[in-house]
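The values are calculated or read from the model by the stated rules, or taken from the named source; none is laboratory data. For clarity, every value in this text was computed on a predicted model and none was experimentally measured. Note that each Cβ is placed from the backbone with ideal geometry, even for glycine, and that neighbours are counted across all protein chains shown. Remember, those area values only see protein heavy atoms, side chains included, never the ligands or the DNA or RNA. Shrake-Rupley method; radii C 1.70, N 1.55, O 1.52, S 1.80 Å.
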Amino acid sequence: MKVRVALNVNGESREALVPVHKTLLEVLREDLGLTGTKHGCELGECGTCTVLVDGEPVLSCLALPVEIEGAHITTVEGMAEGGRLHPLQQAFVELGAAQCGYCTPGILLTAMALLAERPSPTREEVREALAGNLCRCTGYTKILDAVELAALRMGRQEART
Amino acid sequence: MTKNAFAVIGRPLPKVDAWAKVVGETKYADDLFLPRMAYAKLLRSAHAHARIRSIDTSRARALPGVLAVVTAADLPRVKFGILPVSQDEEALCAEKVRMVGDPVAAVAAVDEETAEQACRLIEVDYEPLVALMSIFDSLAHPETRIHEYGDGPNVHKNVALQFGDVDAAFDAAHLVREDVFFFEGSNHLPMEQHAAVAHWASDGKLTLWSSTQTPHYVHRVLAKVLETPAAHIRVIATPVGGGFGGKTDPFSHEIVACQLSRLTGRPVKITLTREEVFYTHRGRHPVLMWIKTGFTKQGDITGCHLRTWLDGGAYGSYGVASTFYTGVINPVTYKIPVYKFEGARIFTNKPPCGPKRGHGTVQPRFALECQLDKAAEQLGLDPADMRRRIVAEPFTKTANHLTVTTIGLGECIDKAVEASGWRDKRARLRVSAGPAARRSPKKRGLGLACSAYLTGAGTAIYWNDMPHSGVLARADRGGGVTVLCGATDIGQGSDSILAYLTAEVLGIEPKDVHMHPADTSLAPVDLGSYSSRVTLMCGMAAIQAAERLRDAIFAAVARKLEVSPASLVARERKVGVPDDWDKAVSFARAVELGEALHGVLAFPGSYAPPKRAGKYKGGGVGPSPCYSYSACVVELTVDEDTGAVELEHVWIAHDIGRALNPLLVEGQVEGSVYMGIGEALMEEQVFRKTLHKLPSMLDYKSPTTLETPDIHTILVETDDPEGPFGAKEAGQGPLLPVIPAIANAIHHALGIRIDEVPITPDKILKALDLKRAGKPARVGPERLPLLTFKVPLVVESAFGEPADAVVSRPFSS
């Protein structure tokens, strides 16, 4: 059975006609053309498919669009504003925190949610927040460094404004 | 050229593809959506070993939405495999399945769900055969043959090499140790599942986009298996979302997608599920090892004899190379005057093993480094001092005829020892732990190990006299330079390295370089992203191409400025004479001048390694232009009550030759350390009866941020004459010492020996029980397979001979 779902994705209103059991991950990738969100395990274990739903990290492989109609969804494509990279994206570029890059979107969004809640997290808090996102390339070191750098820069920017 | 003279090399620049990756623009194979695209699924065997009596696809074909169904009958009956000597795979099994997960049929349908549903409607009538699920099973049942070829019933490969008289070496030793170890298999677990899109167009030409590390080998196999001219096939490797060796074989799903596209006239996509990735495998071989080494009182090695038994799984894959690799690389690290190696790879009814990061060398490295630690203890030597003493001599040959160039291992040991506070902590942790520390169940330990790894295999997978790597550099009138190369960026940064090297030679910025990699129609062949070969081999080819382009441009600018070409330099996007820089012309103008003089400016670069294979059968596996070295110190705690191991710090010093980009090198080192931690403590590809026990990311444990400690990376530069600007590999070698360093640290903490990985809490608790009972506090393999090794090929040891000429190789001028 197909249903019409209305979603707010990266500030845009989008609609799709999809089978009721189609996951948010599949709808984003296949129906809305937002392939920045990746899949790794198909059962909510690896964190690769993480998106933000009303600012909270959600595993899109376990979420159904029909459950979250009307919510604000942020994917990696929605992080940069007006062609300017989000400070997290900029820090990931500068510090080499993305190797193959496949887990990167999910990690960026998880980190974005963390920094919204805790603007100056300790390294241990960053570790805790990212414990549900697997990365096989980096050994996490540069990812942790990049999140800390972004937090520092965002803090400075906050102080200036 | 001195280090300061570099403009691009040595700087911590972002990768050229970093921006696309952080905004989600990078198109991995499964991100491709073509008009009219159909979706494919494979039906896989649920039997580990069975004869196929018949396959009925009629119900599947009748399902609405199904576009095509294929079985072996719909494909040419041609077997394939990555190595010419092991052509034992079928895209779809015809007569027999050899493991759970073997593909028997495939469906293309309008969507994935329909394809899956159709697969369930295919009826296969199997006649089950005895499933052989271990080395011991396979050797005990020669009457059941998994394959009809090989070096004996269920023996894929049996090798024996001897360099010098090991028995005499043991007689001369003060201490001779014999130890037995087991290294469990593990999966690469790339975050991206394998995916491919095939489009057999109406003009009869086929294009395959695939998440592969080896587009050139896939190209060759498609031509063979589909019986179609290679000239009409184009293979494009999409950016790979993690490889680690797992995407280095040509695969059934790639071939089947092509055939389904031919039959349906539509593009066909196939994406493996995570469970399928575990069954596709090609991961670390489980290896049983027996190692006998003689030592003098001072810790010098008098000789070494190693036996390895590899559990190969159901197919050949890279297994012949894997078997040799378990034996040939250890002598590159230390002075081992005489050496004997016997190895065998056994077929079992499990997913095939193949190359995983450190291919075949990780397991014997674990054995040797743990044995060295035991010997040091018996001899009353410090494990770091003992290793420092026996480091191999640079620019010599090993017992097994490998030429070694620069060796930074001594410096690596010194730096890791110093950074970790080894000397102070080793003594303090053991002896002067206070009463509180003694009461706590958490015991602290420090362990060390070293390793070496090749920077690219010296011989190709199929014998030929052509380049291993090719690059085309073409200048455009705007001052950009396009680089075409067959290399695949799997996250290691090969596109970036090629852009940096080209920019360095031409005096432009990496951003001015346009990379077009991994496309068999556009780019010259590179053999693939495996064996840590790309930075060195593609790098050397890129430098040659860029230098030829620069020479052509210099000739034209020299005419214009009326100076000698030799007086010109290229830097800051300009070409000119340093003392008269005001007259320098822009690089874009220089290209115009060059094009006016020569015509189109497009130049090739080619690289093939020096021909240094040992002159004996089997001498082709092991030679490399140069070897990287690593030393690792691990500090950890082990909980005596629970057996839980917590890593506190890892220090790793790596001889990189030269860090072309220190940021990228650190990333490779840190990733290697992380992957070593996983294999040491938790990762295992294990089976319950005939089924994978842990075929999901929920069950298969890998380290998260919480299990991965801070990794302290130290880079040692030795400026190797074989590498591009002196560089060696970084992507695999640093994994090797981590695992034995962890095992040695656990011994330091608790006085127990776990002689097999993964070192799980139950094994630690078992060893502690043995220790309390006054028995040898060791957990490890208790028995070895009964197998007669070949009569060894006896060759004189080349130990200590001077290295063959350096920088003497084909295509170098």
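Quick rundown of the values:
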quantity: ³J(HN,Hα), Karplus 6.51/-1.76/1.60, whole Hz, each residue of region B:608-620, x for Gly, Pro; calculated: 9, x, x, 8, 10, 4, x, 8, 8, 5, x, x, x
quantity: Listing of region A:34-83 residues, each with accessible area lower by at least 30 Å² in the full protein assembly than in the chain alone (probe 1.4 Å); calculated: A:Thr35, A:Lys38, A:His39, A:Gly40, A:Glu42, A:Leu43, A:Glu45
quantity: Value of D in µm² per second that Stokes-Einstein yields for the protein assembly as shown, Kirkwood Rh from Cα pairs, at 4 °C (1.567 mPa s); calculated: 44 µm²/s
quantity: Within region B:421-520, chymotrypsin sites (Phe, Trp or Tyr not before Pro) in DSSP loop having at most 14 other beta-carbon neighbours inside 10 Å; calculated: B:Tyr462, B:Trp463
quantity: Of all accessible heavy-atom area on chain B, the percent that carbon and sulfur account for (1.4 Å); calculated: 52 percent
quantity: Structure-based [θ]222 nm, chain A - -39500 (n - 2.57) summed over DSSP H runs of at least 4, per residue, nearest 500; calculated: -9500 deg cm²/dmol
quantity: Length-normalised contact order of region A:2-78 in % [C-alpha pairs under 8 Å, at least 6 apart]; calculated: 37 percent
quantity: Burial ranking of peptide ranges B:242-248, B:800-806 (average Cβ count within 10 Å, highest at the top); calculated: B:242-248, B:800-806
quantity: Percentage relative contact order, chain B, counting C-alpha pairs under 8 Å, at least six apart; calculated: 17 percent
quantity: Percent of alpha-carbon pairs separated by more than 22 Å within region B:718-813; calculated: 62 percent
quantity: Test item: Cα-centred dipole of region A:87-160, Lys/Arg +1 and Asp/Glu -1 on Cβ, debye; calculated: 140 debye
quantity: Highest to lowest packing among A:79-86, A:31-38, B:112-119, scored as the average C-beta count within 10 Å; calculated: A:31-38, B:112-119, A:79-86
quantity: Relative contact order of chain A, pairs being alpha-carbon contacts under 8 Å that are 6 or more residues apart, as %; calculated: 22 percent
quantity: Region A:2-78, accessible surface, carbon-and-sulfur percent (1.4 angstrom probe); calculated: 48 percent
quantity: Chain-alone versus full-assembly comparison, region B:669-686, residues with accessible loss of at least 30 Å² (1.4 Å probe); calculated: B:Glu670, B:Tyr674
quantity: Region B:614-659: trypsin sites (Lys or Arg not before Pro) in DSSP coil with no more than 11 other Cβ atoms inside 10 Å; calculated: B:Lys615, B:Lys617
quantity: Ranked packing of B:329-342, A:116-129, most packed first, by mean Cβ within 10 Å; calculated: B:329-342, A:116-129
quantity: Phi to ³J(HN,Hα) by Karplus 6.51 cos²θ - 1.76 cosθ + 1.60 over region B:589-600, Hz, x for Gly, Pro; calculated: 5, 4, 5, 4, 4, x, 5, 5, 7, 9, x, 3
quantity: MRE, 222 nm, helices only [DSSP H, n ≥ 4, -39500 (n - 2.57), over chain B, to nearest 500]; calculated: -8500 deg cm²/dmol
quantity: Accessible area (Å², per residue) of the protein assembly as shown, counting only protein heavy atoms and a probe of 1.4 Å; calculated: 35 Å²
quantity: Contact surface A-B: accessible area buried, both sides summed, square angstrom, 1.4 angstrom probe; calculated: 4100 Å²
quantity: Under 15 Å from B:Lys397, Cα to Cα: aspartates and glutamates that are on another chain or at least 8 residues apart; calculated: B:Glu796, B:Glu801, B:Asp804
quantity: Accessible area of region A:87-160 belonging to carbon and sulfur atoms, whole % at 1.4 Å probe; calculated: 52 percent
quantity: At least 30 Å² of accessible area lost relative to the chain alone, listed for region B:696-744 with a 1.4 Å probe; calculated: B:Met697, B:Leu698, B:Thr704, B:Thr705, B:Leu706, B:Thr708, B:Asp710
quantity: Karplus 3J(HN,Hα) series, Hz, for region B:557-566 with 6.51 cos²θ - 1.76 cosθ + 1.60 (x for Gly, Pro); calculated: 5, 4, 4, 4, 8, 6, 10, 7, x, 5
quantity: Averaged over B:491-504, number of beta-carbon atoms from partner chains that fall within 10 Å; calculated: 1
quantity: Where GluC sites (Glu not before Pro) fall in DSSP loop in region B:709-813, at most 10 other Cβ within 10 Å; calculated: B:Glu782
quantity: Net charge of Cβ neighbours under 12 Å - reference B:Gly594; Lys, Arg +1; Asp, Glu -1; calculated: +3
quantity: Overall form of chain B per C-alpha gyration tensor (a/c, 1.5; a/b vs b/c); calculated: oblate
